[in-house]
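What follows is a short report on a single structure.
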Amino acid sequence: MSEKTELPVGEAIIKALVDDRRRDRRWRIIRFSLIAAIVLLYAIVLSMHSSSTYDHVQSGKPYVSLVRLSGVIMPEAHMSANVVNPVLYKAFTDKNSKGVLIEMNSPGGSAVQSSLIYDQIMRLKHAYHKKVVVVGEDALASGAYLIASAADQIYVDPDTITGSIGVIMSGFGFTDAIKKIGITRRVLTAGENKDRLDAFEPLDATDVAKAKQLLNDAHEHFIKDVLAGRKGRLKGDKAVLFSGDFWSGSRAVQLGLVDGTGSVPSVMHHEFSTEFYKLYEPRLSFLQSLVGSTQEHLSIPGLHAATTVLAQWSGVS
(Lines give C-alpha, C1' and ligand atoms only; values in the text may rest on other atoms or scores of the structure.)
Protein backbone atom coordinates (compact mmCIF):
# COMPACT_ATOMS: atom_id res chain seq x y z
CA MET A 1 0.00 0.00 0.00
CA SER A 2 2.85 2.35 0.82
CA GLU A 3 4.46 1.72 -2.58
CA LYS A 4 1.24 2.81 -4.32
CA THR A 5 1.20 6.10 -2.39
CA GLU A 6 4.91 6.86 -2.97
CA LEU A 7 4.83 6.32 -6.75
CA PRO A 8 2.49 9.22 -7.59
CA VAL A 9 4.52 11.53 -5.33
CA GLY A 10 7.75 10.59 -7.15
CA GLU A 11 6.10 11.08 -10.50
CA ALA A 12 4.81 14.47 -9.40
CA ILE A 13 8.29 15.57 -8.37
CA ILE A 14 9.78 14.40 -11.65
CA LYS A 15 6.98 16.08 -13.60
CA ALA A 16 7.55 19.31 -11.67
CA LEU A 17 11.26 19.21 -12.44
CA VAL A 18 10.61 18.54 -16.12
CA ASP A 19 8.07 21.37 -16.31
CA ASP A 20 10.48 23.71 -14.57
CA ARG A 21 13.23 22.89 -17.04
CA ARG A 22 10.85 23.39 -19.94
CA ARG A 23 9.85 26.80 -18.60
CA ASP A 24 13.50 27.74 -18.12
CA ARG A 25 14.29 26.61 -21.66
CA ARG A 26 11.36 28.61 -23.06
CA TRP A 27 12.51 31.74 -21.23
CA ARG A 28 16.04 31.27 -22.54
CA ILE A 29 14.65 31.02 -26.06
CA ILE A 30 12.52 34.12 -25.51
CA ARG A 31 15.47 36.09 -24.09
CA PHE A 32 17.72 35.03 -26.94
CA SER A 33 15.02 35.94 -29.48
CA LEU A 34 14.56 39.39 -27.93
CA ILE A 35 18.31 40.06 -27.95
CA ALA A 36 18.59 38.86 -31.54
CA ALA A 37 15.66 41.07 -32.55
CA ILE A 38 17.24 44.12 -30.91
CA VAL A 39 20.58 43.47 -32.61
CA LEU A 40 18.85 42.96 -35.96
CA LEU A 41 16.85 46.17 -35.54
CA TYR A 42 20.04 48.07 -34.69
CA ALA A 43 21.73 46.67 -37.78
CA ILE A 44 18.80 47.74 -39.97
CA VAL A 45 18.77 51.26 -38.54
CA LEU A 46 22.53 51.49 -38.90
CA SER A 47 22.42 50.41 -42.52
CA MET A 48 19.79 53.07 -43.23
CA HIS A 49 21.93 55.84 -41.77
CA SER A 50 25.48 54.81 -42.64
CA SER A 51 25.45 54.78 -46.41
CA SER A 52 28.68 56.18 -47.84
CA THR A 53 27.07 58.62 -50.29
CA TYR A 54 23.85 60.56 -50.60
CA ASP A 55 22.91 62.58 -53.65
CA HIS A 56 21.47 66.07 -53.37
CA VAL A 57 22.27 67.01 -56.93
CA GLN A 58 20.33 68.28 -59.91
CA SER A 59 21.05 67.25 -63.47
CA GLY A 60 23.30 69.76 -65.20
CA LYS A 61 23.89 71.78 -62.01
CA PRO A 62 27.34 72.05 -60.39
CA TYR A 63 27.79 70.41 -57.01
CA VAL A 64 30.45 69.82 -54.37
CA SER A 65 31.64 66.72 -52.55
CA LEU A 66 30.44 67.21 -48.96
CA VAL A 67 32.34 65.12 -46.39
CA ARG A 68 30.71 65.01 -42.97
CA LEU A 69 33.02 64.16 -40.04
CA SER A 70 32.12 64.19 -36.35
CA GLY A 71 33.20 62.64 -33.07
CA VAL A 72 36.39 61.85 -31.23
CA ILE A 73 39.34 60.95 -33.45
CA MET A 74 40.58 57.52 -32.42
CA PRO A 75 41.71 54.20 -33.89
CA GLU A 76 39.11 51.59 -34.87
CA ALA A 77 36.29 54.16 -34.83
CA HIS A 78 34.41 56.04 -37.52
CA MET A 79 36.84 58.95 -37.10
CA SER A 80 39.96 56.83 -37.59
CA ALA A 81 42.22 57.33 -40.60
CA ASN A 82 41.41 53.84 -41.87
CA VAL A 83 37.75 54.83 -42.19
CA VAL A 84 37.99 58.54 -43.05
CA ASN A 85 40.78 58.45 -45.65
CA PRO A 86 38.94 56.20 -48.16
CA VAL A 87 35.92 58.51 -47.88
CA LEU A 88 38.14 61.51 -48.62
CA TYR A 89 39.58 59.69 -51.62
CA LYS A 90 36.10 59.10 -53.05
CA ALA A 91 35.18 62.74 -52.50
CA PHE A 92 38.31 64.06 -54.22
CA THR A 93 38.16 61.63 -57.14
CA ASP A 94 34.59 62.60 -58.05
CA LYS A 95 35.38 64.10 -61.45
CA ASN A 96 32.16 66.08 -61.61
CA SER A 97 32.37 67.87 -58.26
CA LYS A 98 33.63 71.47 -58.10
CA GLY A 99 35.56 70.87 -54.91
CA VAL A 100 35.47 69.32 -51.45
CA LEU A 101 33.66 70.79 -48.46
CA ILE A 102 34.39 69.12 -45.11
CA GLU A 103 31.85 69.65 -42.35
CA MET A 104 33.61 68.87 -39.07
CA ASN A 105 32.56 68.68 -35.45
CA SER A 106 35.23 67.20 -33.19
CA PRO A 107 37.13 67.98 -29.96
CA GLY A 108 40.21 66.19 -31.29
CA GLY A 109 41.73 62.89 -30.24
CA SER A 110 44.59 60.69 -31.38
CA ALA A 111 47.68 62.53 -32.57
CA VAL A 112 48.61 59.83 -35.06
CA GLN A 113 45.12 59.44 -36.54
CA SER A 114 44.78 63.23 -36.90
CA SER A 115 48.13 63.45 -38.65
CA LEU A 116 47.25 60.62 -41.04
CA ILE A 117 44.02 62.36 -42.06
CA TYR A 118 45.84 65.71 -42.44
CA ASP A 119 48.41 64.06 -44.71
CA GLN A 120 45.67 62.47 -46.81
CA ILE A 121 43.99 65.82 -47.44
CA MET A 122 47.32 67.40 -48.36
CA ARG A 123 48.12 64.62 -50.83
CA LEU A 124 44.70 64.58 -52.44
CA LYS A 125 44.31 68.32 -52.91
CA HIS A 126 47.68 68.51 -54.66
CA ALA A 127 47.05 65.38 -56.73
CA TYR A 128 43.57 66.41 -57.95
CA HIS A 129 43.90 70.22 -57.77
CA LYS A 130 40.58 70.71 -56.02
CA LYS A 131 39.70 73.44 -53.57
CA VAL A 132 39.16 72.15 -50.04
CA VAL A 133 37.11 74.08 -47.50
CA VAL A 134 36.35 73.13 -43.88
CA VAL A 135 33.33 74.30 -41.89
CA GLY A 136 33.56 73.76 -38.13
CA GLU A 137 30.47 73.34 -35.99
CA ASP A 138 30.43 73.02 -32.17
CA ALA A 139 34.12 72.16 -31.88
CA LEU A 140 37.11 72.40 -34.19
CA ALA A 141 39.75 71.73 -31.60
CA SER A 142 43.13 70.10 -31.28
CA GLY A 143 43.50 67.17 -33.72
CA ALA A 144 40.38 68.34 -35.54
CA TYR A 145 41.95 71.76 -36.00
CA LEU A 146 45.09 70.14 -37.35
CA ILE A 147 43.00 68.31 -39.96
CA ALA A 148 41.19 71.55 -40.82
CA SER A 149 44.48 73.40 -41.31
CA ALA A 150 45.14 71.24 -44.38
CA ALA A 151 42.23 72.99 -46.12
CA ASP A 152 42.48 76.05 -48.34
CA GLN A 153 39.89 77.90 -46.25
CA ILE A 154 38.40 77.36 -42.78
CA TYR A 155 35.04 78.70 -41.61
CA VAL A 156 33.40 78.36 -38.21
CA ASP A 157 30.38 79.52 -36.27
CA PRO A 158 31.08 82.57 -34.08
CA ASP A 159 30.78 80.29 -31.03
CA THR A 160 32.72 77.28 -32.34
CA ILE A 161 35.38 76.14 -29.86
CA THR A 162 38.53 76.54 -31.94
CA GLY A 163 42.25 75.93 -31.49
CA SER A 164 43.74 73.92 -28.62
CA ILE A 165 47.06 73.50 -30.42
CA GLY A 166 48.78 71.48 -27.74
CA VAL A 167 49.53 67.94 -26.59
CA ILE A 168 48.50 66.21 -23.39
CA MET A 169 49.31 62.93 -21.67
CA SER A 170 47.22 62.12 -18.63
CA GLY A 171 46.56 59.20 -16.34
CA PHE A 172 46.13 58.18 -12.72
CA GLY A 173 48.43 57.25 -9.85
CA PHE A 174 47.43 54.40 -7.55
CA THR A 175 50.42 54.24 -5.19
CA ASP A 176 48.48 55.21 -2.05
CA ALA A 177 45.46 53.13 -3.00
CA ILE A 178 47.35 49.84 -3.24
CA LYS A 179 49.07 50.52 0.08
CA LYS A 180 45.75 51.04 1.84
CA ILE A 181 44.30 47.77 0.59
CA GLY A 182 47.50 45.80 1.15
CA ILE A 183 48.52 45.07 -2.44
CA THR A 184 52.18 44.55 -3.34
CA ARG A 185 53.21 45.52 -6.88
CA ARG A 186 55.34 42.89 -8.66
CA VAL A 187 56.87 43.78 -12.02
CA LEU A 188 59.37 41.77 -14.05
CA THR A 189 60.91 43.30 -17.17
CA ALA A 190 63.51 42.61 -19.81
CA GLY A 191 64.83 46.09 -20.52
CA GLU A 192 65.46 48.59 -17.73
CA ASN A 193 63.00 51.19 -19.05
CA LYS A 194 60.13 48.85 -19.92
CA ASP A 195 58.13 49.88 -16.85
CA ARG A 196 58.22 53.64 -17.40
CA LEU A 197 55.22 55.59 -16.06
CA ASP A 198 53.91 52.67 -14.02
CA ALA A 199 50.67 53.94 -12.46
CA PHE A 200 51.34 51.89 -9.32
CA GLU A 201 54.76 53.43 -8.66
CA PRO A 202 55.67 57.03 -7.73
CA LEU A 203 56.54 59.27 -10.66
CA ASP A 204 60.23 59.11 -11.48
CA ALA A 205 62.03 62.26 -12.63
CA THR A 206 63.60 60.51 -15.61
CA ASP A 207 60.21 59.13 -16.65
CA VAL A 208 58.68 62.61 -16.48
CA ALA A 209 61.53 63.98 -18.60
CA LYS A 210 61.01 61.20 -21.15
CA ALA A 211 57.28 61.87 -21.33
CA LYS A 212 57.84 65.60 -21.77
CA GLN A 213 60.27 64.89 -24.58
CA LEU A 214 57.61 62.85 -26.39
CA LEU A 215 55.02 65.58 -25.81
CA ASN A 216 57.36 68.30 -27.07
CA ASP A 217 58.19 66.29 -30.19
CA ALA A 218 54.51 65.78 -30.95
CA HIS A 219 53.80 69.46 -30.26
CA GLU A 220 56.53 70.52 -32.68
CA HIS A 221 55.06 68.30 -35.39
CA PHE A 222 51.62 69.75 -34.67
CA ILE A 223 52.91 73.33 -34.98
CA LYS A 224 54.89 72.56 -38.14
CA ASP A 225 51.83 71.11 -39.88
CA VAL A 226 49.57 73.99 -38.83
CA LEU A 227 52.09 76.54 -40.10
CA ALA A 228 52.36 74.68 -43.41
CA GLY A 229 48.60 74.59 -43.76
CA ARG A 230 47.82 78.17 -42.75
CA LYS A 231 50.65 79.64 -44.87
CA GLY A 232 51.34 82.89 -43.05
CA ARG A 233 47.72 83.67 -42.12
CA LEU A 234 48.23 83.29 -38.37
CA LYS A 235 48.24 86.56 -36.43
CA GLY A 236 49.41 87.49 -32.97
CA ASP A 237 51.90 85.91 -30.61
CA LYS A 238 52.80 82.38 -31.73
CA ALA A 239 53.58 81.42 -28.14
CA VAL A 240 49.95 82.16 -27.26
CA LEU A 241 48.49 80.50 -30.35
CA PHE A 242 50.47 77.32 -29.73
CA SER A 243 49.95 77.24 -25.95
CA GLY A 244 47.10 74.72 -26.11
CA ASP A 245 44.51 77.41 -25.42
CA PHE A 246 41.23 77.64 -27.31
CA TRP A 247 38.95 80.47 -28.44
CA SER A 248 35.51 81.21 -29.80
CA GLY A 249 35.07 81.16 -33.54
CA SER A 250 34.81 84.94 -33.79
CA ARG A 251 38.04 85.38 -31.83
CA ALA A 252 39.71 82.67 -33.94
CA VAL A 253 39.00 84.79 -37.04
CA GLN A 254 40.88 87.72 -35.49
CA LEU A 255 43.82 85.46 -34.66
CA GLY A 256 44.01 84.07 -38.18
CA LEU A 257 43.27 80.53 -37.03
CA VAL A 258 40.29 80.51 -39.40
CA ASP A 259 39.27 82.60 -42.39
CA GLY A 260 35.72 83.58 -41.54
CA THR A 261 32.37 82.63 -40.07
CA GLY A 262 29.60 80.81 -41.85
CA SER A 263 27.46 77.69 -42.12
CA VAL A 264 27.63 74.86 -44.64
CA PRO A 265 24.96 76.37 -46.96
CA SER A 266 26.43 79.88 -46.86
CA VAL A 267 30.01 78.67 -47.36
CA MET A 268 28.93 76.33 -50.14
CA HIS A 269 27.33 79.25 -51.96
CA HIS A 270 30.21 81.67 -51.25
CA GLU A 271 33.11 79.34 -52.11
CA PHE A 272 31.56 77.12 -54.79
CA SER A 273 28.54 79.09 -56.07
CA THR A 274 26.19 76.13 -55.67
CA GLU A 275 23.64 74.71 -53.29
CA PHE A 276 23.95 71.13 -54.50
CA TYR A 277 26.19 68.44 -53.07
CA LYS A 278 26.95 64.76 -52.97
CA LEU A 279 27.34 63.61 -49.38
CA TYR A 280 30.19 61.34 -48.32
CA GLU A 281 30.26 59.91 -44.80
CA PRO A 282 32.41 57.35 -43.00
CA ARG A 283 30.84 53.91 -43.00
CA LEU A 284 31.58 51.13 -40.52
CA SER A 285 30.65 47.49 -40.56
CA PHE A 286 28.07 46.47 -37.97
CA LEU A 287 30.72 45.01 -35.65
CA GLN A 288 33.00 48.03 -36.09
CA SER A 289 30.13 50.37 -35.28
CA LEU A 290 29.41 48.52 -32.04
CA VAL A 291 33.06 48.63 -30.96
CA GLY A 292 33.57 52.21 -32.09
CA SER A 293 30.38 53.44 -30.44
CA THR A 294 31.39 51.81 -27.16
CA GLN A 295 34.86 53.36 -27.35
CA GLU A 296 33.50 56.83 -28.01
CA HIS A 297 30.94 56.67 -25.21
CA LEU A 298 33.64 55.57 -22.78
CA SER A 299 36.09 58.20 -24.00
CA ILE A 300 36.42 61.58 -22.31
CA PRO A 301 38.55 64.09 -24.26
CA GLY A 302 41.55 65.09 -22.18
CA LEU A 303 41.12 62.18 -19.76
CA HIS A 304 42.88 58.96 -20.75
CA ALA A 305 43.54 55.74 -18.90
CA ALA A 306 46.95 55.39 -17.32
CA THR A 307 47.48 52.14 -19.17
CA THR A 308 47.22 53.89 -22.54
CA VAL A 309 50.11 56.33 -22.01
CA LEU A 310 49.78 57.78 -25.51
CA ALA A 311 50.15 61.44 -26.40
CA GLN A 312 46.92 62.86 -27.77
CA TRP A 313 46.00 66.27 -29.07
CA SER A 314 43.27 66.71 -26.53
CA GLY A 315 40.15 68.74 -27.00
CA VAL A 316 38.58 70.85 -24.29
CA SER A 317 39.07 69.11 -20.94
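The values are calculated or read from the model by the stated rules, or taken from the named source; none is laboratory data. It should be emphasised that the depicted structure is a prediction, and the values quoted were computed from it without experimental measurement. When we count neighbours, we look across all protein chains shown, and the Cβ atoms used for this are built from the backbone with ideal geometry, even at glycine.
What to note about this one:
- Segment 152-190, residues that are touching a residue at least 40 places away in the same chain (Cβ under 8 Å), out of contact with any Asp or Glu (no Cβ under 8 Å at 6 or more places or on another chain) and polar (S, T, N, Q): Thr162, Ser170
- Residue list for segment 86-107, restricted to those being small (Gly, Ala, Ser) and closer than 11 Å to Leu66 by Cβ: Ala91, Ser97, Gly99
- Of all residues in segment 142-164, none satisfies the criterion of being in contact with a helix residue (DSSP H, G or I) (Cβ under 6 Å, 6 or more places away or on another chain), within 19 Å of Met122 (Cα to Cα) and surrounded by fewer than 22 Cβ atoms within 10 Å (Cβ to Cβ).
- Looking only at residues in segment 165-195 that are part of a loop (DSSP other than H, G, I, E, B) and among the small types (Gly, Ala, Ser), the one that is surrounded by the most Cβ atoms within 10 Å (Cβ to Cβ) is Gly166.
- Residue count, segment 58-97 (criterion: closer than 18 Å to Val135 by Cβ and not in a loop (DSSP other than H, G, I, E, B)): 15
- Selection count, segment 85-96, where residues are touching a residue at least 60 places away in the same chain (Cβ under 8 Å) and surrounded by fewer than 24 Cβ atoms within 10 Å (Cβ to Cβ): 3
- Flag for Ala239 being crowded, with 17+ Cβ neighbours inside 10 Å and among the small types (Gly, Ala, Ser): no
- Test: residue in segment 296-303 that is assigned to a loop (DSSP other than H, G, I, E, B), modelled with pLDDT under 90 and within 24 Å of Asp157 (Cα to Cα): yes
- Residues in segment 260-279 that are surrounded by fewer than 19 Cβ atoms within 10 Å (Cβ to Cβ) and in a loop (DSSP other than H, G, I, E, B): Ser263, Ser273, Thr274, Glu275.
- All conditions but one from (1) at pLDDT 90 or above; (2) out of contact with any Phe, Trp or Tyr (no Cβ under 6 Å at 6 or more places or on another chain); (3) assigned to a helix (DSSP H, G or I) apply to Ile223; the one that does not is (2).
- All positions within segment 248-258 that are on the phi < 0 side of the Ramachandran plot and surrounded by fewer than 20 Cβ atoms within 10 Å (Cβ to Cβ): Ser248, Ser250, Arg251, Gln254, Leu255
- Test: Asp198 is surrounded by 17 or more Cβ atoms within 10 Å (Cβ to Cβ) and either of a type in the set (Asp, Glu) or not in a loop (DSSP other than H, G, I, E, B) (or both): yes
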